[in-house]
Amino acid sequence: MKNGIIIALLMIFSSVRSQSFKAYQFYDKKGKAVKTDKLVKELADYDIILFGELHNNSIIHWLQLKVTQALYEKKNGQIILGAEMFERDNQAQLSQYLNGHIESKNLKDSVRLWNNYATDYQPLVDFAKNKKLDFIATNVPRRYASQTAKEGIQSLNALSDKDKSYIARLPVNVTLDTPGYPEMKAMMGDHAEGTKVMNFISAQAIKDATMAESILKNRKPGKTFIHYNGNYHSKEYGGIYWYIKQKNPELKIAVISVFESDDPELDIPEKDYFPTEFNLVVPSDMIKTF
């Protein structure tokens, strides 16, 4: 009887130990699993990295930091950081913080920071500060994206020269040839007014085009520009990627796309999977930051 109980307990313990708990898995474009050391080695050869994210996913933010730190070592510090989460008209304050001229509290008081800044983006900003790296505020000020959604992209022509300096050079080409934009149109439904649909897409385009222009203006030969943005802004080679390639098709750009999965082994999803250079699969039940 005693031996039977011991054997039963060992079987239960063995079963528990055999369970797999994976937090993430990278794949290359061909579907081969990639270890992080190889990922970093390959990323070092790119001019630009568009690191997609799900804004509230804690493991992705942690991976952004770890990959950035590893790439810094691999490239001997020859990297530049930039992010959707900072808007162009806040660059001066962000640079003052990076240079040690203002404290963290002053930055929070003077910059439109996202609610999850402290947990998800401050570690990247502070890494840039400690390593004396450039960190570029790439996004359009949200007021201009909102104006575009309400009044159309043509309304931006009436802005002052100073205001226009925070936006991609006008006119911005808005077309449904851009990957992702037809999907946005479909999301609006068949009954949505044509003008309203195009204004909505134009608001997305002004963000994508501005971030692309910001990257192009601030990149430097020999350095890798790492840009952190919502997955939708670069998935399927649309958005930021598309606008960069319109201006400079010779640049070598790596897109890291993100996919959630219910599969505990984090195999490649069977549906809605469009691979880019690198593809990050994370558990759908990963702890969210908001």
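Bear in mind that the values in this text are calculations on the coordinates, not laboratory data. This is a predicted model, so every value here is computed, not measured. Here the Cβ positions follow ideal geometry from the backbone for every residue, glycine too, while neighbour counts run over all protein chains shown.
Starting from the exponent 0.38 and prefactor 2.2 Å, build the expected Rg for segment 195-290 from its residue count and divide its actual Cα Rg by it.
Dividing the Cα radius of gyration by 2.2 N^0.38 Å gives 1.25.
Rounded to the nearest Å, what's the spacing between the alpha carbon centres of segment 154-184 and segment 214-246? Just the number, please.
If you average the Cα positions of each part, the centres end up 16 Å apart.
Using a Förster radius of 22 Å, what is the FRET efficiency between R142 and K196 based on their Cβ-Cβ separation? Nearest 0.05, please.
Here the calculated transfer efficiency is 0.70.
Starting from 0.36 nm per residue, how many nanometres of slack lie between T119 and E73 once their C-alpha separation is accounted for?
Computed gain between T119 and E73 is 14.2 nm.
Roughly how big is segment 24-283's charge dipole about its Cα centre, with Cβ charges of +1 (Lys, Arg) and -1 (Asp, Glu), in debye to the nearest 20?
Result for segment 24-283 is approximately 1020 debye, rounded to the nearest 20.
For S165 paired with A92, estimate the spin-label separation in nm (one decimal), with each label point 7 Å from Cα along the Cα-to-Cβ line.
0.9
Net charge around E103, counting only other residues with Cβ within less than 14 Å of its Cβ (Lys, Arg = +1; Asp, Glu = -1)?
Local net charge: +1.
Using the beta-carbon distance between L176 and K245 and R0 = 22 Å, what value does 1/(1 + (r/R0)^6) give for FRET efficiency, to the nearest 0.05?
0.85
Evaluate the distance, in nm, between pseudo-label points positioned 7 Å from the Cα of D262 and of K105 along their respective Cα→Cβ axes.
4.9
Quick one: the Cα spread of segment 119-270 along its three principal axes, in angstroms, biggest first?
Over segment 119-270, Cα extents along the principal axes are 45, 45, 35 Å.
Go ahead and estimate [θ] at 222 nm for the chain from helices alone: -39,500 (n - 2.57) per DSSP H run with n ≥ 4, summed, over the residue count, rounded to 500.
The helix contribution divided over the chain gives -13000 deg cm²/dmol.
Output needed for segment 104-145: three equivalent-ellipsoid semi-axes, defined as square roots of 5 times the C-alpha gyration tensor eigenvalues, in descending order, whole Å.
Over the Cα atoms of segment 104-145, the ellipsoid semi-axes are 19, 13, 10 Å.
With a bin width of 5 angstrom, please list the P(r) values of segment 33-90 as percents of all Cα-Cα pairs, from the 0 bin to the one holding the largest distance.
Reading upward from the zero bin: 4, 15, 26, 26, 18, 9, 2, 1, 0.
Count the net charge of all other residues whose Cβ sits under 10 Å from the Cβ of V40, scoring Lys and Arg as +1 and Asp and Glu as -1.
So the surrounding residues net to +3.
So if I take the centroid of the Cα atoms in segment 253-290 and the same for segment 72-147, what is the distance between those two points in Å?
Comparing the Cα centres of segment 253-290 and segment 72-147, I get a distance of 26 Å.
Given 0.36 nm per residue, what is the gain on full extension from S155 to F127 after removing their alpha carbon distance, in nm?
6.2 nm
Rounded, prolate or oblate: which fits segment 24-283 when a ≥ b ≥ c are the square roots of the eigenvalues of the alpha-carbon gyration tensor, with rounded for a/c under 1.5 and prolate only if a/b beats b/c?
oblate
With equal scatterers on the alpha carbons only and no solvent term, can you work out the Debye log10 of I(q)/I(0) for segment 20-165 at 0.09, 0.17, 0.19 1/Å?
Log10 of I(q)/I(0), two decimals: -0.36, -1.06, -1.20.
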